[in-house]
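What follows is a single structure, written as structure tokens, with notes after it.
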Amino acid sequence: MPQYPSCPLCDKLHGLQELPDEELVWQFPHSVALLGPWQYHTGYCILVSRVHAVELHHLPPSVRRGYLEEMCLLAQAIDVCFQPRKMNYEALGNQVAHLHWHLFPRRHDDPDALKAVWLGFERAEEDRALKERLQTGPISRTAITARLRACIKNGDRTFEIH
Ligand SMILES: [Zn+2]
């Protein structure tokens, strides 16, 4: 049973085996990395806490440290694989109050570089072409996940795949 049956992320964690293979990037001890839907920001992942908690400070210190360490491993892998201009970390939880972080690697050629990514996603709800552009990366979702897995497995800052 999920920890909180009414929580969509507890639900998702409970059914990881049912996710498409490319969506489940990595299973860390304290968190699970999922490939996000907006791959214009190539490598965008959501790092979901395995424990249902609403706020970061609600986690016991050792769990929180483990979670944050895993976030850095994931961020490093995204950075090595896709070399963004800047990583954006966001923990919002206004829609789903189960601790999860969005890791958005901002592109060098992003015309909205100084704006929050969510503004574009909001516009995309009304604009099919924009939605497709923001959901699509330069390579397939399967290839993005494969690269990320290889980088996480390697865990080496100097490791690069071209
Ligand atoms: Zn939950």
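All of the numbers you see were taken from the coordinates with simple rules; none came from a lab. Please read all numbers here as calculations on a predicted model, not as lab measurements. A quick note on method: Cβ atoms are made from the backbone with ideal geometry, for glycine too, and the neighbour counts reach across all protein chains shown.
Consider a paramagnetic label point 7 Å from the Cα of Lys115 along Cα→Cβ; state which residues of the stretch 28-66 have an amide N under 16 Å from it. Residues 40-41 qualify, since their backbone N sits under 16 Å from the label point. Qualifying trypsin sites (Lys or Arg not before Pro) in the stretch 47-139, where qualification requires a DSSP coil assignment and no more than 12 other C-beta atoms within 10 Å, comprise Arg85, Lys115. The Cys residues in the chain with no partner Cys Cβ within less than 4.7 Å of their Cβ are Cys45, Cys72, Cys81, Cys151.
The alpha carbon gyration tensor of the stretch 61-162 gives principal lengths a ≥ b ≥ c with a/c of 1.5 or higher and a/b no greater than b/c, which makes the shape oblate.
Membrane-span-like helices of the chain, defined as complete DSSP H segments with a Cα extent of 18 Å or more along the helix axis and a mean Kyte hydropathy of at least -0.5, are identified as 61-82, 141-154.
From most to least packed by mean Cβ count within 10 Å, the peptides 90-97, 11-18, 69-76, 137-144 give 69-76, 137-144, 11-18, 90-97.
With a simple spin-label model that places each label point 7 Å from the Cα along the Cα-to-Cβ direction, the separation between Ala91 and Ala150 comes to 3.2 nm. With helices as the sole contributors, the chain gives -11500 deg cm²/dmol at 222 nm; each DSSP H run of n ≥ 4 counts as -39500 (n - 2.57), and the sum is divided by every residue. Connecting C-alpha atoms closer than 10 Å in a GNM of the chain, tell me which of Asp110, Asp79, Asp127 has the biggest fluctuation. Looking only at Asp110, Asp79, Asp127, the biggest GNM fluctuation is shown by Asp127. Just to be sure I understand the curve: with the Debye formula and one point per C-alpha of the stretch 1-112, what is log10 I(q)/I(0) at q = 0.13, 0.15, 0.20, 0.21 Å⁻¹? Scattering profile of the stretch 1-112, log10 relative to I(0): -0.48, -0.64, -1.09, -1.19.
When the chain is described by a simple charge dipole with +1 on each Lys and Arg Cβ and -1 on each Asp and Glu Cβ, the residue from Gly43, Trp118, Val96 located farthest towards its positive end is Gly43. Between Leu19 and His57, the FRET efficiency estimated from the beta carbon spacing at R0 = 30 angstrom works out to 0.55.
What you get for the stretch 1-89, charging only the Cβ of Lys and Arg (+1) and of Asp and Glu (-1), is a dipole of about 320 debye around the Cα centre.
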